[in-house]
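Contents: one structure, followed by commentary.
The values are calculated or read from the model by the stated rules, or taken from the named source; none is laboratory data. A quick note: this is a predicted structure, and the numbers were derived from the prediction, not measured. We place every Cβ from the backbone using ideal geometry, glycine too, and count neighbours over all the protein chains shown.
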């Protein structure tokens with residue numbers, strides 16, 4: 001089986017604006033049907049669209065962040081087709097002069113060694129979203145126009161993604177980037193990020209490359225389904241080719257829908273004739289001119305993007321690519337939090353461990369966010385300092401962080417109240433070591449006779465010492481003194 | 001009283017001689033009496049009286065009543081009035097009541113105008129005779145066997161017949177100027193972008209403009225001022241100051257240069273119309289204007305280009321009327337012909353609703369436009385027509401470097417007989433041969449009465465000016481109006 005998979009993505013992203021692309025009603029998700037409408041978004045006779053400048057600016061921000069070229073002059077076009085979710089029976093979109101061309105999506109490196117490349121973009125354009133049809137009982141359909149007119153970015157990639165995992169990777173990276181930019185919440189479940197994939201195979205046989213017919217996959221409702229559907233489709237196309245030998249020249253592009261339950265793609269009903277959208281310039285809107293000053297302002301509004309941030313975390317803090325990614329992919333808040341703790345402590349790896357193991361776990365358990373996390377970066381930095389200085393051992397630190405989260409009190413208060421000072425008194429610890437050995441003669445015997453591995457016995461004894469000291473003993477000192485005493489007893 | 005101008009009515013109301021209620025009562029009676037003219041498609045007497053009484057109360061209390069306080073204004077049936085039937089004289093929109101006011105309606109209300117009914121028109125403004133109406137044709141008040149022009153025939157006839165001193169129409173290819181000419185009233189199409197189109201039910205968005213009808217220029221200036229200006233709800237409305245047209249109207253333009261368009265005096269021009277225009281030229285010459293012949297070489301492509309661009313936009317603008325959420329929905333859309341059972345029920349519903357709801361001229365233009373925009377044809381037709389549009393605008397720009405105003409006939413003929421051109425769409429299209437280029441170029445144009453034919457049919461003089469030079473247009477027209485009395489003539493109605 002010698003083939004390559006070739007994938008191109010067509011991604012739709014709803015921009016996060018207060019009002020619609022061309023009218024004033026709101027854009028909130030999940031409200032009762034047809035409550036987020038106005039005469040313009042309902043397409044009532046006589047109404048006219050007016051451009052939402054904020055939406056255009058978010059679109060510009062996105063395109064600039066994706067390295068695209070911004071057209072100094074762009075216009076709107078009407079895409080004409082009849083469908084009940086399209087109140088005017090045309091969609092205001094962009095045809096031959098989109099506001100942005102080119103750019104690229106990053107495909108982050110994966111643990112399996114894949115990724116680490118880029119996928120070029122063909123174009124990005126702005127349009128209005130359509131409404132939504134719900135197919136109900138008795139063959140009736142219901143139209144909800146809350147979504148109609150929400151600003152929608154269409155991002156079209158070049159067909160040059162070479163694996164299902166890469167396709168998923170670049171979609172995930174796009175979502176992360178757009179969330180960093182605060183232009184979209186990119187919830188696939190809510191439809192604010194939607195993706196169709198065009199896919200075929202390049203089969204290598206007898207020194208030749210044979211391309212299979214292109215299939216457009218729709219109904220991809222999660223990142224997981226994108227990856228699964230592409231893997232399924234590659235396998236299906238290969239088998240199909242083995243069966244009938246049809247190539248791209250023998251069959252037109254077809255559309256298949258992904259069934260998440262059955263985990264397979266199924267043919268979708270085709271339009272009998274090729275769609276003719278009869279595009280023409282939208283006469284109700286004026287062209288948009290993007291001057292250098294506007295573009296500059298947009299550029300300055302863009303902060304550090306995930307890709308750059310990962311690289312910086314690796315270079316500046318010496319983190320592994322894995323750790324850098326974990327901190328960055330959680331979103332801007334988490335990465336900012338880490339930046340603050342790392343800078344305040346100078347303990348880059350330690351800060352990363354604490355955040356990954358304790359902060360993120362707590363947030364995940366409580367289904368909350370970093371913004372709501374009661375311990376601010378300074379508080380965590382202070383705790384890490386104390387552990388580092390040897391005032392606390394790691395376990396104590398954990399316990400204290402737990403109390404800090406519960407009470408919102410600083411470490412200092414909790415330590416004073418709870419007697420959390422770590423015992424670093426050599427004599428006291430030496431006495432505890434002595435007592436532990438005396439209380440467990442069998443342990444010493446085991447080492448002497450070589451019955452058990454010495455490390456296991458030592459671990460047992462360390463635990464006994466900690467128990468005696470109420471968990472407060474300096475673990476490093478316990479280890480050192482135990483080691484020394486055993487060396488005397490078992491030469 | 002019914003044949004008074006708006007300014008005369010205002011004066012009489014201000015002096016306390018009459019109330020707005022008295023005026024509208026007399027006009028309502030008259031409208032009832034002249035019902036056979038078929039001017040109004042909707043006129044709610046109670047609603048009109050309520051508005052008039054409200055203005056009278058304010059005036060009596062000494063409160064400001066607005067520039068048009070208490071003056072009735074008839075409204076073409078394609079301007080949305082909140083809660084009132086607005087149908088574009090189409091079966092398709094029968095019973096449609098918009099939930100909002102057009103911007104011009106807002107402005108009329110703010111100026112204290114009385115919204116005096118909705119006037120008949122060619123369906124969706126497509127036509128030049130008001131015969132393409134689901135409500136039947138409007139009759140020309142000067143000769144009831146003839147058409148009032150169109151598409152704003154109802155609005156023109158309303159003023160001519162003294163049913164309202166002022167009215168609003170819309171002009172996409174001549175739909176204000178041509179009916180004004182053949183009904184013997186003043187009609188002005190403003191520069192594209194001067195008046196907000198928000199709430200104007202679109203025919204061809206890049207050509208449509210709302211404008212006033214009146215007995216004379218003084219009234220025209222008054223109404224134009226009220227409706228003009230930038231509107232944030234219309235992206236194509238232009239943010240330029242609106243002059244006080246009334247203040248400068250009686251000041252003749254200095255060193256006036258008038259251009260006579262060679263191409264506007266060709267084949268098809270009625271000799272009586274031609275001679276009335278020649279008289280007008282002489283009058284201007286006598287008044288001291290410099291007369292110069294100019295050429296608009298691309299104007300011969302105006303009608304063909306128009307009949308690509310306007311239908312193309314119309315095919316898209318009218319796509320929304322599909323019976324789904326408002327307007328006409330067919331009751332029976334079961335399959336009638338072989339093969340139709342394979343068409344989805346929803347699609348059949350849309351097809352039959354549109355087939356029943358639209359009249360033949362609207363269907364003709366939707367088909368023309370759909371074809372002109374189709375893949376493989378768009379370059380040949382639509383894009384070519386856009387090039388022609390730029391050339392036509394170029395012609396005008398060049399002409400307005402040499403002259404201030406262009407002068408010519410508004411319509412090649414006076415009002416034609418009812419039914420005379422309905423069977424021949426092309427002859428109907430040629431009614432707009434002198435008006436269409438102004439829409440393609442976006443420039444302002446005005447028609448004013450300049451005489452009568454031997455059959456006592458009004459003749460219109462058309463003046464065109466550079467973009468946003470409405471003030472020049474009005475002042476130039478006023479020079480002619482002051483020297484003539486055509487604007488004081490009224491038809492002898494029964």
Number of positions in the stretch A:388-411 that are at pLDDT below 85 and either surrounded by fewer than 13 Cβ atoms within 10 Å (Cβ to Cβ) or within 20 Å of residue A:342 (Cα to Cα) (or both): 6
Among the numbered criteria (1) surrounded by 15 or more Cβ atoms within 10 Å (Cβ to Cβ); (2) in contact (Cβ under 8 Å) with a residue 40 or more places away in the chain; (3) closer than 30 Å to residue A:376 by Cα, which single criterion is violated by residue A:414? (2)
Going by the conditions given, is residue B:149 more than 13 Å from chain A (Cβ to nearest Cβ) and part of a strand (DSSP E or B)? no
Kindly evaluate residue A:81 against the criterion of being within 11 Å of chain B (Cβ to nearest Cβ) and either out of contact with any strand residue (DSSP E or B) (no Cβ under 6 Å at 6 or more places or on another chain) or farther than 25 Å from residue A:26 by Cα (or both). yes
The stretch B:370-412 - residue that is part of a helix (DSSP H, G or I), under 22 Å from the mean Cα position of the chain (by Cα) and buried (at least 23 other Cβ atoms within 10 Å of the Cβ) and, of those, nearest to the other protein chains (Cβ to nearest Cβ): B:389
Restricting the search to the stretch A:238-291, which residues are surrounded by 12 or more Cβ atoms within 10 Å (Cβ to Cβ), over 30 Å from residue A:73 (Cβ atoms) and within 14 Å of chain B (Cβ to nearest Cβ)? none
Residue ID - surrounded by the fewest Cβ atoms within 10 Å (Cβ to Cβ), chosen from residues in the stretch B:223-237 that are assigned to a helix (DSSP H, G or I) and either within 14 Å of chain A (Cβ to nearest Cβ) or out of contact with any strand residue (DSSP E or B) (no Cβ under 8 Å at 6 or more places or on another chain) (or both): B:225
Got a sec? Which of B:159, B:73 is surrounded by 24 or more Cβ atoms within 10 Å (Cβ to Cβ), under 28 Å from residue B:407 (Cβ atoms) and touching a residue at least 24 places away in the same chain (Cβ under 8 Å)? B:159
So residue B:179, is it in contact with a helix residue (DSSP H, G or I) (Cβ under 7 Å, 6 or more places away or on another chain), surrounded by 24 or more Cβ atoms within 10 Å (Cβ to Cβ) and in a strand (DSSP E or B): no
Check whether at least one residue in the stretch B:421-439 is in a strand (DSSP E or B) and at negative phi, and report yes or no. no
Filter result (over 14 Å from the mean Cα position of the chain (by Cα) and either closer than 15 Å to residue B:113 by Cβ or within 11 Å of another protein chain (Cβ to nearest Cβ) (or both)) within the stretch B:79-89: B:80, B:81, B:82, B:84, B:86, B:87
Are any residues in the stretch B:333-351 crowded, with 21+ Cβ neighbours inside 10 Å and assigned to a helix (DSSP H, G or I), and if so, which ones? B:350
If you scan the stretch A:341-374, which residues turn out to be surrounded by fewer than 20 Cβ atoms within 10 Å (Cβ to Cβ) and part of a loop (DSSP other than H, G, I, E, B)? A:346, A:347, A:367, A:368, A:369, A:374
Can you find a residue in the stretch A:94-114 that is within 14 Å of chain B (Cβ to nearest Cβ), surrounded by 20 or more Cβ atoms within 10 Å (Cβ to Cβ), at pLDDT 95 or above and more than 26 Å from the chain's Cα centre (by Cα)? no
Look through the stretch B:182-206, keep the residues that are assigned to a strand (DSSP E or B) and more than 14 Å from chain A (Cβ to nearest Cβ), and return whichever of them is surrounded by the most Cβ atoms within 10 Å (Cβ to Cβ). B:189
Determine which member of the set A:315, A:324, A:340, A:335 is in the same structural domain as residue A:379 (by TED's automatic domain parsing) and either within 30 Å of residue A:47 (Cα to Cα) or without any contact (Cβ under 8 Å) to a residue 12 or more places away in the chain (or both). A:315
Which is more than 11 Å from chain A (Cβ to nearest Cβ) and touching a residue at least 24 places away in the same chain (Cβ under 8 Å), of B:331, B:361? B:361
For residue B:111, state whether it is surrounded by fewer than 24 Cβ atoms within 10 Å (Cβ to Cβ) and at pLDDT 95 or above. yes
I'm trying to understand the selection: among the residues of the stretch A:302-330, which are at pLDDT below 95, loosely packed, with under 14 Cβ neighbours inside 10 Å and in a loop (DSSP other than H, G, I, E, B)? A:303, A:320
How many residues of the stretch A:36-53 are under 31 Å from the mean Cα position of the chain (by Cα), touching a residue at least 12 places away in the same chain (Cβ under 8 Å) and either more than 10 Å from every other protein chain (Cβ to nearest Cβ) or surrounded by 23 or more Cβ atoms within 10 Å (Cβ to Cβ) (or both)? The answer is 2
Looking at the stretch B:238-280, which of its residues are crowded, with 17+ Cβ neighbours inside 10 Å, within 22 Å of residue B:403 (Cβ to Cβ) and touching a strand residue (DSSP E or B) at 6+ places or on another chain (Cβ under 6 Å)? B:258, B:259, B:260, B:261, B:264, B:273, B:276, B:277, B:280
Which listed residue, of A:3, A:83, is surrounded by fewer than 23 Cβ atoms within 10 Å (Cβ to Cβ) and not assigned by TED's automatic domain parsing to the domain that holds residue A:151: A:3
What residue, among those in the stretch B:304-328 that are more than 18 Å from residue B:363 (Cβ to Cβ) and within 11 Å of chain A (Cβ to nearest Cβ), is surrounded by the most Cβ atoms within 10 Å (Cβ to Cβ)? B:309
Strands (runs of 3 or more DSSP E) lying entirely in the stretch A:88-128 (those with 1 or more residues that are under 13 Å from residue A:168 (Cα atoms)): A:104-107, A:117-128
Determine if the stretch B:62-78 includes at least one residue that is in a loop (DSSP other than H, G, I, E, B), within 14 Å of chain A (Cβ to nearest Cβ) and within 21 Å of residue B:154 (Cα to Cα). yes
Among the residues of the stretch B:286-297, is there at least one that is within 14 Å of another protein chain (Cβ to nearest Cβ), touching a strand residue (DSSP E or B) at 6+ places or on another chain (Cβ under 8 Å) and modelled with pLDDT of 95 or more? no
Would you tally the residues in the stretch B:94-105 being within 7 Å of chain A (Cβ to nearest Cβ) and surrounded by 24 or more Cβ atoms within 10 Å (Cβ to Cβ)? 2
